[in-house]
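Everything below concerns the one structure shown next.
The values are calculated or read from the model by the stated rules, or taken from the named source; none is laboratory data. Note that the coordinates shown come from a computational prediction; the quantities given were computed from them, not determined experimentally. Don't worry about glycine lacking a Cβ; one is built from the backbone with ideal geometry, like all the others, and counts go over all protein chains shown.
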C-alpha cells in the first residue's frame, strides 16, 4: 500500500519540538565528549540544519502495523515518524 500524503494539524509544532530535542541531544553529547578531554563546553558557534531531500519530506516516513486484511481498521491507526538531525558547533574552553 502506498500512502500519498499524511497530515496532522499540529505538524509544525511537532517539527519544532523535534528540532529542539535534536539540539538538546547534540549539546548533551558534546558536553560529555569535551569533559572526557578535561575541557568545558562553551557558547554555540554555529547551528546547521540539514536540508530535507527535495520531493520526499521526512514526514512521509510512515509506518503501520495493520495488515491488508484489516484495511477497514487502517484509518484508525497511523504513525507519522519525524527524524531530525542538527549539526552544532560549540566553543571548547
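Taking the stated definitions as given, is residue 45 at pLDDT 70 or above and touching a strand residue (DSSP E or B) at 6+ places or on another chain (Cβ under 6 Å)?
yes
Kindly indicate whether any position in region 16-35 is at positive phi and modelled with pLDDT of 95 or more.
Scanning region 16-35 turns up no residue that is at positive phi and modelled with pLDDT of 95 or more.
Scan region 25-54 residue by residue and report those that are within 15 Å of residue 89 (Cα to Cα) and surrounded by fewer than 11 Cβ atoms within 10 Å (Cβ to Cβ).
Scanning region 25-54 gives 32, 43, 45, 46, 48, 50.
May I ask you to list the residues in region 32-53 that are without any contact (Cβ under 8 Å) to a residue 40 or more places away in the chain and part of a helix (DSSP H, G or I)?
32, 33, 35, 36
Within region 5-15, take every residue that is surrounded by 13 or more Cβ atoms within 10 Å (Cβ to Cβ) and in a helix (DSSP H, G or I) and give me the one that is modelled with the lowest pLDDT.
Looking at the filtered set, the residue picked out is 11.
Is there any pair with a first residue in region 15-29 that is touching a residue at least 12 places away in the same chain (Cβ under 8 Å) and a second that is surrounded by 13 or more Cβ atoms within 10 Å (Cβ to Cβ) and assigned to a helix (DSSP H, G or I) whose Cβ atoms are under 8 Å apart and which are 6 or more apart or on different chains, and what are they?
15/59
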